[in-house]
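*Asks:* Would you mind keeping the following structure in view while I ask a few things?
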Amino acid sequence: MRRVPIILTLLITTCLLALGLTTTNAADHYLTKSSQPSFWVLSDPHFIAPSLHDNRSAFKQIIKTAAGKDLTDQPVALHALVQTALKKRPTAIIITGDITFNGELASAKSLTQRLQPLRQAGIAVLIIPGNHDIDDGWARQFSGKQQKATTQISPSAWRQIFADDYQAACAVDNDSLSYAVNLNKRYRLLMLDDNTYSTQPATDAPNTGGKLKQSTLLWIGEQLHDAKAAGQQTLVFTHHNLYAHSQMKKGWVLDNAATLRRLLNRYHVPVLFSGHIHAQDISADPAKKCTTTEIVSGSFSMTPASYGVVTLTPHKFHYQTHQLNLTPYLTAKQRQQPNLVHYQQHLKQLFQQMNRNMVARLGTTDSGLTRQQTSAEINCLIDLNWRFETGNDFAKSAAFAKLKRTTGYKLAAQNPQLTQPFNTLNGDHNLPDHQLTLHF
C-alpha cells in the first residue's frame, strides 16, 4: 500500500513534464561545464515534410507564391547543417521560430527526427515557435492538383514533439511555450514564445503580429532577476523583432516591444536574437533608450541559407554568420543535380525570379524610360532587395557606394512611384550585419 502514493506521484510528475507545466530540471543544470561554449542560431526554415507533397501541380503553384523560399531541397540542406554541426560540435543549435511552412504537425515531427543525430551526439537543440507554427489555418498537404487541410500543431503537441527542449530547461513558463536554459554557469538562455494563437485548431491565416502575455513578462522578469543573482549574463531569443529594421513595423515588431525593451535594459541584457522578417540584420536601438543589440537571422530557407555562430567566454561575445555548404555531404546521385551542387547560386536565382514580377510592376510605372533604362531600374531594385534580405546593405560599405553610382540606382532614386520601396531598401545606416563582438 505504501507504494501507491509513490506510483501516483511519479505518474503525476510524468504528466506535468509532458505538458510542460513544471520546471523540468534543477536550476543548477547546465548544458555544458565549459567556460567557452558556443551555439549556432538560425531562423525561419519553413520546412515542409516530403510526405505532405508530391511535387506536382498544386505544390508547384505554392512554390510560385513562396517569395523565394526553397521548399523542395530543405531535407538536403538540413542534412548538411546537421553533418556540419557534428563535425564542429557546438554546444547547441537554436532555431527562432517558423520551423514549419504553415504549422503542419507532420513537418514538425519530420524536422525533429532530422535533428535527432545532434541530440544523440550531445548537442542540444533549442527551438521556439513562430507565427506560422501553432494552430495555423493554412496547414495543407498537396497531391496532384489538389490541396487539403492537414493536422495542425497544437501547443500541447509542440511540448511533446520538442520535449527534449523542456527537459533541458531550468524553468518553464506555464502560460506560454517559453522556457529558460542554463548554457553554463556564466550564461542563461531565455527562449520566448511571443506569438498570438488560439488554443483550438484554426481555419484562418496565421497572425503575423506578436505580443508577450503579461504573465509571461512577469516570468521573464523573474528569470532575469534569478540569472543576475546567480551571476549569469542572459541572452534572449524571440521570433518577432525588438526594433524596426525597416520602415515596415506593423506585424513585425512585437506589439509590446517597448515594455520588453525596458525590462531588458533594466537587467543589462546585451543581445536579443529574433527572425520573422526573413532578413539578416543587426541593430542597436535607433532611439538609444535600450542597450540591447538585436541580431535578426534571415530565413534559412532563402538565400544565402546562413546561420550565426556564437562563441562565448566569461567576458566576451562574438557572432559571425556562415553560409551553408551542401557539397561535402551530397550523395553521388545528388551531385548530378545542379541546384544542389551550386546551391548558393540556385537560392539567389530563386529569390531573383520570385521578386522580378513584383518589382517589374513597380519599375514600369515610369513610362518616360527606355526599355534599357527600365531594365536597369528593375535590376537595381531587385539587387537592393537582395542586399536587404542577406544583410549586405550596409550603407557605408564600398559595395553599396559602388551601387549608388549605377544608372539603375539613380533612376530608381528619382522615380516618385518607387519612393516607399526605395527608401525602405536604401541602405542600412545602423550596424554591419554579419559580425558582432561585445566585451562584458
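*Asks:* Taking all protein chains in place and a 1.4 Å probe, what share, in percent, of the accessible surface of the chain do carbon and sulfur account for?
*Replies:* 52
*Asks:* Follow-up question, since we're still on this one. For the ranges 82-89, 253-260, 97-104, what's the packing order if you count other beta-carbon atoms within 10 Å of each residue, average per peptide, and put the highest first?
*Replies:* Most protected by this proxy first, the peptides run 97-104, 253-260, 82-89.
*Asks:* Determine the per residue accessible area of the chain with all protein chains present and a 1.4 angstrom probe, expressed in square angstrom.
*Replies:* 46
*Asks:* Follow-up. Once all Cα-Cα distances of the chain are split into 20 Å bins that start at 0, what whole-number percent is in each one?
*Replies:* Calculated P(r), rounded to whole percents: 24, 57, 17, 1, 0.
*Asks:* Moving on to the next point. Over the alpha carbons of the range 137-202, what is the largest minus smallest coordinate on each principal axis, giving the biggest first in Å?
*Replies:* Result, largest extent first: 54, 23, 17 Å.
*Asks:* So which helices of the chain fit the span-like rule, where a helix is a whole DSSP H run, its Cα atoms reach 18 Å or more along the axis, and its mean Kyte-Doolittle is at least 1.0?
*Replies:* Helices meeting the criterion: 3-19.
*Asks:* Cross-link candidates for Lys402: which lysines have Cα within less than 17 Å, leaving aside residues fewer than 8 places away along the same chain?
*Replies:* Qualifying lysines at Cα under 17 Å: Lys410.
*Asks:* Students often forget the sequence filter, so: which lysines lie under 18 Å Cα-Cα from Lys88 once same-chain residues fewer than 8 apart are removed?
*Replies:* Here the lysines satisfying the reach criterion relative to Lys88 are Lys33.
*Asks:* Using 7 Å Cα-to-Cβ label points, what is the Arg266/Leu431 separation (nm, one decimal)?
*Replies:* Rounded to a tenth, the inter-label distance reads 2.3 nm.
*Asks:* I would also like to ask the following. Between Lys213 and Gln320, 0.36 nm times their residue separation minus their Cα-Cα distance comes to what?
*Replies:* Length gained between Lys213 and Gln320: 35.3 nm.
*Asks:* Please work out the C-alpha center-to-center distance from the range 243-274 to the range 73-134 and express it in whole Å.
*Replies:* One Cα centre to the other: 25 Å.
*Asks:* Moving to a separate point now. Eigenvalues of the Cα gyration tensor times 5, then square-rooted: what semi-axes does that give for the range 388-440, in whole angstrom, largest first?
*Replies:* 26, 12, 7
*Asks:* List, in the order given, every pair from Lys288/Lys396; Lys250/Lys288; Lys228/Lys249; Lys185/Lys288 whose Cα-Cα distance in the structure shown is over 25 Å.
*Replies:* Over 25 Å apart, Cα to Cα: Lys228/Lys249; Lys185/Lys288.
*Asks:* Same structure, new question: Mind checking which lysines have their Cα closer than 24 Å to the Cα of Lys333? Skip sequence neighbours fewer than 8 apart in that chain.
*Replies:* Cα-Cα hits under 24 Å: Lys60, Lys69, Lys87, Lys348.
*Asks:* A further question on this structure: Assuming R0 = 22 Å, what is the FRET efficiency of Ala399 and Gln349, from their Cβ-Cβ distance, to the nearest 0.05? Show your work: numbers first, answer last.
*Replies:* On the way: r = 20 Å, r/R0 = 0.89.
Efficiency, rounded to the nearest 0.05: 0.65.
*Asks:* In a Debye calculation with equal point scatterers on the alpha-carbon sites of the range 246-322 and no solvent, what is log10 I(q)/I(0) at q = 0.12, 0.18, 0.28 Å⁻¹?
*Replies:* For the range 246-322 at q = 0.12, 0.18, 0.28 Å⁻¹, log10 I(q)/I(0) is -0.38, -0.84, -1.39.
*Asks:* Work out, in µm²/s and without decimals, the Stokes-Einstein translational diffusion coefficient of the range 298-440 at 25 °C, 0.890 mPa s, Rh from Kirkwood over C-alpha pairs.
*Replies:* It comes out at roughly 142 µm²/s.
*Asks:* Using a simple charge model, +1 on the beta-carbon of Lys and Arg, -1 on the beta-carbon of Asp and Glu, nothing else, what dipole does the range 98-255 show about its Cα centre, in debye to the nearest 20?
*Replies:* Dipole about the Cα centre, nearest 20: 380 debye.
The values are calculated or read from the model by the stated rules, or taken from the named source; none is laboratory data. Owing to the predicted nature of the structure, the values given are computational and were not obtained by experimental measurement. For neighbour counting, all protein chains shown are included, and Cβ atoms are generated from backbone atoms with ideal geometry for every residue, glycine included. Note: areas computed on protein heavy atoms with side chains; ligands, DNA, RNA excluded. Shrake-Rupley method; radii C 1.70, N 1.55, O 1.52, S 1.80 Å.
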